[in-house]
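Following: one structure in structure tokens, then a few remarks.
The values are calculated or read from the model by the stated rules, or taken from the named source; none is laboratory data. Bear in mind that the values here come from a model prediction, so they are computed numbers and not experimental data. Don't worry about glycine lacking a Cβ; one is built from the backbone with ideal geometry, like all the others, and counts go over all protein chains shown. All accessible areas refer to the heavy atoms of the entire protein, side chains included, with ligands and DNA or RNA removed. Shrake-Rupley method; radii C 1.70, N 1.55, O 1.52, S 1.80 Å.
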Amino acid sequence: MRWQRFISILKARDREFVRDRSALAWNILFPLLIIFGFAYAFTGDQLDQYKVGVIHQSENNEISFYSTQYIHFIDINELERTTAIDKVKRHQLDMLLEVDKKRYWVNDSSPSGYMLEKVLAGSGGEGYQKQRVQGAQVRYVDWLIPGVLGMNMMFSALFGVGYVVVRYRKNGVLKRLKATPLSALEFLSAQVVSRLWLIMAITSVVFIGCDLLIGFSMAGSYFNLFLVYALGAFSMISMGLIVAARVKSEEMAGGLLNMMSWPMMFLSGVWFSLEGLHPWVQKLALIFPLTHITQAARVIMLDGAGLLVILPNLVALLVMSVIFLLLGVLLFRWE
Amino acid sequence: MSSILQVKQLHKQFDQLKAVNGVSFEVDEGMCLGLLGPNGAGKTTTVEMLEAIKIPDNGSIQYRGAPLNEEFRNKAGIMFQSTALQDFITVRESLELFQQLYPKVSDLEQLIQDCALGDFLYQETAKLSGGQRQRVLLAIALVNDPDIIFLDEPTTGLDPQARHNFWQLIHKIKQKNKTIVLTTHYMDEAYELCDKIIIMDHGEIIAQGSPRDLLSEHFNDVVIKLQKSDELESKLMTLEEELCSMSITRHESWVEMQTSDVNQAVKQLLAAEISLSSMQIRERTLDDLFLELTGKELRT
Ligand SMILES: Nc1ncnc2c1ncn2[C@@H]1O[C@H](COP(=O)(O)OP(=O)(O)O)[C@@H](O)[C@H]1O
Ligand SMILES: [Mg+2]
């Protein structure tokens, strides 16, 4: 490994990226557009409907509360009580009722909760015990941002390495480099490092841009978040290297990269929580780096989770990075 | 002169196709060797094996008495038949990039001057004309001050003027006593630049030697060219008997007569009242040699 060769390839790649204005603009605009789109889509006039989670609904003793109009009752399994309480904290549920134990949870800072409490008291729920929960409202966009940032990294990592190296191979850039003393390791590390720092720079810009324009919740440590995103980007870049290793046509590369990114986009919990999905699908989702990035970034940003909580995600990302990287480097051919 | 490259019994097959089939030759230090042949003859496959880009199925290549190794990359300057440079990078940046990949390098300013790159040094490589591009690629091939330079069809697709400019550059390199291996399907290019040529067809060598030697070995005649016309045809018919010392070949708009005695031939033509106003007399060329050796034209 000669640093001079590594640095010169790195510099060339950075220049190419920064000077390709349209691609650069797209890399920044795309996530902003998505986040704005969703911020507005979900802050408009929502249906005037209250959401009440009910545990043991079957045992309900027909108090008249259940026939109140404009309340959407959601059946909740006893085992998911904690999750449901969390939803009350985040204002995703306005109230949670546990019928057999005659108790309910409302959020102190939720006007809807307050209203529902009054309705319940006046329609047969006098004996129910109040459980207090506290927590600011989590808008959908707050919930969305950690994953959307990860998703944007995914596209940039996979295509920025996978597609670009295949293009180099197809048009002969790689062959020309092969004729020099440059080693595959020097070349590939330069691609990885260039992409990694560009992704981190762009993600920072998008992050700051979103915060200035819509503002979002950031409960945890910036260092932890940086760690998750950096390791996450690294793992997905390494994933791109596997496609970059052998493929000779851009169409083939595009196909493979789409095949990797689409399932990740929908099954990593970026857009909706995986809780409702089939357990097998939930298990399957754990093989995607994006699932771990989304999970970890979300608990850091929303709940202020510390390193210990996200350790399993970090370990998973690290293991994946090492495997992908080894595969990518060992399989690599210049031609 | 000592040999810098020794090539023995090279073979390379793609599926069923024997692209290179038992090729052996030597390249002497300081010479310009031309690999000559029609498209598909196996020239590129051969040089790419010499460049250590393709691995031969069989046979050996020795550079200064040793098999090709990592050090050879530092000594070889390579210009491929088709290459792309990275997008969005200027000519100067490309040169600097390649320079930084080598331990020992040529003086960049000198190289820019030699290859006449001054006018478009700060343009992106993707936006150059054909001739400019080839000069940049040549400069990149020279960036490591190589001992041996491989040029694969460097002037294919260039207009005549750009070709002549490029030839001037190669003459300059030759003056610096560098060894050059050049492939081409232009016989005039080989004749102009090469000290020795190897003519290839179907993956095999069909002749090798200096251009002059090859021509004098195979020919001792010249060619009289006349513009084709019906009148000429009918007069030639009547002359056919007497003209047995000449062989006649008919091309699309020319008739060519090969003869070893021009004076005699011209006398006979005049005697038959054939108009010589369109007459040209030319020496035999490598194109004729190729036709002679293979029975087909080099370019069809
Ligand atoms: N990578 C390859 N795969 C299959 N066939 C090839 C490949 N490279 C060259 N060939 C074939 O080998 C023959 C020789 O090609 P090449 O060496 O490029 O000829 P030239 O340079 O003289 O035009 C051609 O018939 C060509 O189609
Ligand atoms: Mg060729």
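Listed values, structure above:
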| read-out | value |
| --- | --- |
| Verdict on B:Phe150 being open to solvent by less than 20 Å² (accessible area, probe 1.4 Å) and over 19 Å from A:Leu177 (Cα atoms) | no |
| Where B:Leu121 falls short, out of the listed (1) within 29 Å of B:Ser2 (Cβ to Cβ); (2) touching a helix residue (DSSP H, G or I) at 6+ places or on another chain (Cβ under 7 Å); (3) surrounded by fewer than 17 Cβ atoms within 10 Å (Cβ to Cβ) | (1) |
| Members of segment B:59-82 that are closer than 18 Å to B:Val23 by Cβ and more than 16 Å from ligand 1 (Cβ to nearest atom) | B:Ser60, B:Gln62, B:Tyr63, B:Pro67, B:Leu68 |
| Criterion: within 12 Å of chain A (Cβ to nearest Cβ), open to solvent by less than 10 Å² (accessible area, probe 1.4 Å) and among the aromatic types (Phe, Trp, Tyr) - qualifying residue of B:Phe88, B:Phe80 | B:Phe80 |
| Residue in segment A:276-317 that is least open to solvent (accessible area, probe 1.4 Å), counting only those that are under 24 Å from A:Asn77 (Cβ atoms) and not in a helix (DSSP H, G or I) | A:Leu277 |
| Segment B:158-209, subset over 25 Å from B:Lys12 (Cβ atoms) and in a loop (DSSP other than H, G, I, E, B), residue nearest to ligand 2 (Cβ to nearest atom) | B:Leu158 |
| Filter result (of a type in the set (Val, Ile, Thr) and either within 16 Å of ligand 2 (Cβ to nearest atom) or under 20 Å from the mean Cα position of the chain (by Cα) (or both)) within segment B:111-139 | B:Val136 |
| Helices (runs of 4 or more DSSP H) completely within segment B:1-118 that count 3 or more residues being on the phi > 0 side of the Ramachandran plot | none |
| Matching entry among B:Ala190, B:Ala207 (being surrounded by 14 or more Cβ atoms within 10 Å (Cβ to Cβ) and under 26 Å from B:His164 (Cβ atoms)) | B:Ala190 |
| In segment B:53-71, residue most open to solvent (accessible area, probe 1.4 Å) [restricted to those that are more than 16 Å from ligand 2 (Cβ to nearest atom) and facing another protein chain (nearest Cβ under 10 Å)] | B:Glu70 |
| Residue identified as more than 28 Å from A:Val148 (Cα to Cα), surrounded by fewer than 18 Cβ atoms within 10 Å (Cβ to Cβ) and at pLDDT 80 or above among A:Asp14, A:Asp75 | A:Asp75 |
| Cβ pairs under 8 Å, 6+ apart, first in segment B:81-101 and without any contact (Cβ under 8 Å) to a residue 60 or more places away in the chain, second within 16 Å of ligand 1 (Cβ to nearest atom) | B:Ser82/A:Gly172; B:Thr83/A:Gly172; B:Thr83/A:Lys175; B:Ala84/A:Asn171; B:Ala84/A:Gly172 |
| Filtered residues of segment A:163-176 (kept if open to solvent by less than 20 Å² (accessible area, probe 1.4 Å) and either touching a Leu at 6+ places or on another chain (Cβ under 6 Å) or within 8 Å of another protein chain (Cβ to nearest Cβ) (or both)) | A:Tyr168, A:Gly172, A:Val173, A:Arg176 |
| In segment B:120-162, the residues that are within 16 Å of ligand 1 (Cβ to nearest atom) and touching a residue at least 60 places away in the same chain (Cβ under 8 Å) | B:Phe150, B:Leu151, B:Asp152, B:Glu153, B:Pro154, B:Thr156 |
| Per-region count, segment B:22-47, residues in contact with a strand residue (DSSP E or B) (Cβ under 8 Å, 6 or more places away or on another chain) and either among the acidic types (Asp, Glu) or within 16 Å of ligand 2 (Cβ to nearest atom) (or both) | 17 |
| Residue identified as free of Cβ contacts under 8 Å to residues at least 60 places away in the same chain and aromatic (Phe, Trp, Tyr) among A:Phe159, A:Phe226 | A:Phe226 |
| Breaking point among (1) modelled with pLDDT under 95; (2) within 23 Å of A:Arg5 (Cβ to Cβ), for B:Gly118 | (2) |
| Criterion: at the interface with chain A (Cβ under 9 Å from one of its Cβ atoms), open to solvent by less than 60 Å² (accessible area, probe 1.4 Å) and closer than 30 Å to B:Phe14 by Cα - qualifying residue of B:Leu137, B:Leu97 | B:Leu137 |
| Any chance A:Tyr104 is more than 27 Å from the chain's Cα centre (by Cα) and open to solvent by less than 10 Å² (accessible area, probe 1.4 Å) | no |
| Extreme residue, nearest to B:Pro154 (Cα to Cα), among residues of segment B:22-52 that are within 12 Å of ligand 1 (Cβ to nearest atom) and open to solvent by 40 Å² or more (accessible area, probe 1.4 Å) | B:Asn39 |
| Of all residues making up segment B:219-267, the number that are assigned to a loop (DSSP other than H, G, I, E, B) and among the hydrophobic types (A, V, I, L, M, F, W, C) | 2 |
| Condition check for B:Glu93: within 16 Å of ligand 2 (Cβ to nearest atom), of a type in the set (Asp, Glu) and modelled with pLDDT of 95 or more | no |
| In segment A:245-267, the residues that are farther than 30 Å from A:Leu311 by Cβ, in contact with a helix residue (DSSP H, G or I) (Cβ under 8 Å, 6 or more places away or on another chain) and small (Gly, Ala, Ser) | A:Ala245, A:Ser249, A:Ala253, A:Gly254 |
